[in-house]
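Take a look at the structure set out below.
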């Protein structure tokens, strides 16, 4: 009898320890982004999340970065690698084109995977009861805001340079922009990958534009080059960037033209928002470089996700249900209103002093 | 006295200590060797990374030479000859604006008038204004969004800039990596991978730790080197089996060696146990079983593999035989001596009896002689008177009266003598022949008392026999004579020493099948410290007076061996020595009881250790 009691006691203790071990295992979160050498694009996002976890003292989440190159052809391999490691929560910062590629894969595993979308605004992801939670507004809302802003300045001639490499974003973007803009527009479509600056120069040098809208996403450094080219040809212009050119590299490629550039942004300038300023200051102090504004989306997504995990929601279904039920998620950069489809709406800001924005 | 230690424990301890010491020394040696090897390996890897650095520098130096060559005739035409080396070739003015483009790659989004005002390239250009060729660190070119290295030199107030993409460097590094069978990675200080010689890597971001193991399809050892020249981190992934080659061999060898040591230790213990300890233990166990009375033979030990152990056994066997033979001889001698002593004791007892009887007879016979002598004298006087005719009636009457008295005295004395002889005869015959006969128990006690009267009447001692019911026994009266003789003589010699008017009581009762005999006196008694020794052979406190110390021993043996009874000493207030004897008896009919006896030898040596 005594032997049985001892065995029972050992069993109970072992079970408790094992349960403890199992329950204490951190939740793995994948971050799919462009981990290109020397680029601050992907590194900003990864370092941003690392900073979040360290700042908040979070030990129940483990970050695992995956490189998708922001290339739709690399999405499948990256996703398979994520799933092979048993990870079912993903934060992405890639373009809309990549996001739609990923959706094809995640739709096959509906409730088994949850994706936090931070870099894609395509309306093809809007109003869907799917396994996406998007922390940025969709293209309709975004372009409406931009169109209204540009419209408000009554430009005589607006030059739009659109990158068709990211057509899943830029095509609907232009549609929604046009719906809200009534001035004169000249559209030039380019392919960033095959951009011939001299050809572009030829195409635009005789256009008498007083404003340029670089409808380019994906934090392409070429946005700055195009802005500089447009300004060199015609110094008296204003150049608008989409919110997806929010890396400090634009300062390099835009050169002196940065003074005439306005950046649409999801956040107010850092000096106007204590949370954003604190983030930038802390980030630079920690990593010795200025992060992209994209990284704030990822930081915010991690914050939202973390709130669900802290409420003991660890599966994709549980997390999604929790966040939708909560409706409002408080973050360091203000609260997010998440609707029943996991989408958000938020205002857009326009930063004219881009030099001080980073 | 120091505690005895077992040979087994000692041997095991020493062997274990030896083994532990050996293992410890081996471990330390392996540890030191491993440390040395690690140091050597790290130095080697450091050397490898420096080689990579130098190889890169050599490559860049080579490119630099080509750049210098080009700079001698920098135009679009000559630029086309360098399309494999340089992705972009252009001039910038003093304001760092591109003033002329000689060559541009499709990925490079520069144009004439493009200002390099901000950023790493801008800083590089600002810091390096020399006309010597300057090489930038590996960095990400913003205008082409690719990893690049820039070359710059001043030419006639303009700066000539060339950009090479790292793809060409990678090809060069790949050759270096292949020669070392490793993977080379160039990373930023934060671990972001700029380029590598292998498309598949075990991590997306270089781990912050140095000198660790990472896994791809096989295990690699990661080492890092912050190149002050390249201003980047060189990361080397070396296959672990390459590094651990010698250690792997050692690791294989060490367990084998440990196994060999352990096997040797176990074998040693086994052999020691089988050939030494076990035979000794068996020897000890057999010794415990050894019974000298067992004449089946000296035991044979089952394990006699070794000469020495066999010698031990053989020597023991021989010595045992010798000891047994001596023992038997001594035993025989002892038995003989014992028998002689007992016979001597018997003789002494008989002698004492004879002396006593002689002494006793002497008195009545003396009286008879005196009486007859008186009578003769009187007779002579009467005859004389008769012959002289002087005999008177009164004289005759006096003579006849004296004669009557004398006859009475002579008669009593002669009867007394006859009784004495009869008693003596009975005791002597009983002691000498000791046949089993039927006798009255009280009568026999009286005979003994009568034969010893001369011994105890000197001290005016008395002995009383209390036998409420007559007891007829079929047994050996001689044995009982010996018992009571010894009791009475002990009382006289020891109990009543220096005392007169001592008394002794012999009480005999029959309780069912037990004959209870109690002998007690009112003498000095037996001291408590001597009580347990009184039945020992040759124990006496009267050695100076010629006591043999066998009396009570004989009594003990008779009671316990011959009659299968018990004897013990009691103490009661007012009495001295009290001996209690309990004898098992059984009725054989006609009121006769038989005392169970043992036909064994009273003097057997096996009786020595009884009591």
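Taking A:266, A:157, A:297 in turn, the Gaussian network model of chain A (Cα-Cα springs below 10 Å) assigns the largest fluctuation to A:157. For the protein assembly as shown, the share of DSSP beta bridges that are antiparallel, to the nearest 5, is 65%. Peptide B:104-116 shows a mean partner chain C-beta count of 6 within 10 Å per residue C-beta. Normalised by the number of residues in chain A, the average gap of Cα pairs under 8 Å and 6 or more apart makes the relative contact order 18 percent.
Peptides A:236-245, B:407-416, B:469-478, ordered by how many other C-beta atoms sit within 10 Å of their residues on average, highest first, read A:236-245, B:469-478, B:407-416.
Contact order, relative form, for chain B: 7 percent (alpha carbon pairs under 8 Å, 6 or more residues apart, mean separation divided by residue count).
Sorted ascending by nearby beta carbons within 10 Å, beginning with the fewest, B:8, B:241 become B:241, B:8. Of all DSSP-defined beta bridges confined to chain A, some 20% are antiparallel rather than parallel. Peptides B:167-179, B:36-48 ordered by packing proxy, namely the average of other Cβ atoms within 10 Å per residue, highest first: B:167-179, B:36-48. Among B:492, B:367, A:212, sorting on how many other beta-carbon atoms sit within 10 Å of each Cβ, with the fewest leading, yields B:367, B:492, A:212. Relative to the longest principal axis of the Cα atoms of chain A, helix A:139-151 runs at roughly 30 degrees.
How far is the Cα center of the range A:208-249 from the Cα center of the range B:114-137, in Å? With the range A:208-249 and the range B:114-137 each reduced to a Cα centre, they are spaced 24 Å. Between A:32, A:197, A:51, the GNM of chain A built on Cα springs shorter than 10 angstrom shows A:197 fluctuating the most.
For chain A, the longest principal axis of the C-alpha atoms and the axis of helix A:72-84 are separated by about 10°. Tilt of helix B:477-490 relative to the longest C-alpha principal axis of chain B, in degrees (0 to 90, nearest 10)? So the helix axis and the longest Cα principal axis differ by about 80 degrees.
Other protein chain C-beta atoms within 10 Å of residue C-beta, averaged over A:254-265: 2. The mean number of Cβ atoms from other chains found within 10 Å of a Cβ in peptide A:224-230 is 4, as a whole number. Once you reduce the range A:38-97 and the range B:160-214 to the center of their Cα atoms, the two points are 21 Å from each other. Comparing A:215, A:187, A:35 in a Gaussian network model of chain A (Cα springs below 10 Å), the most mobile by mean-square fluctuation is A:187. Taking packing as the residue-averaged number of other Cβ atoms within 10 angstrom, the listed peptides B:21-27, B:520-526, B:139-145, A:316-322 run from highest to lowest as B:139-145, B:520-526, A:316-322, B:21-27. Cβ-Cβ distance of residue A:341 and residue A:56, R₀ of 30 Å, FRET efficiency by 1/(1 + (r/R0)^6): the value works out to about 0.60.
The range A:319-349 to the range B:70-90: how many Å between their Cα centroids? When both Cα centres are located, 55 Å separates them.
Read-outs throughout are calculated quantities, based only on the coordinates presented, and are distinct from any laboratory measurement. All of these numbers come straight from a predicted model, not from anything done at the bench. Counting neighbours? That spans all protein chains shown, and the Cβs are built from the backbone with ideal geometry, glycine included.
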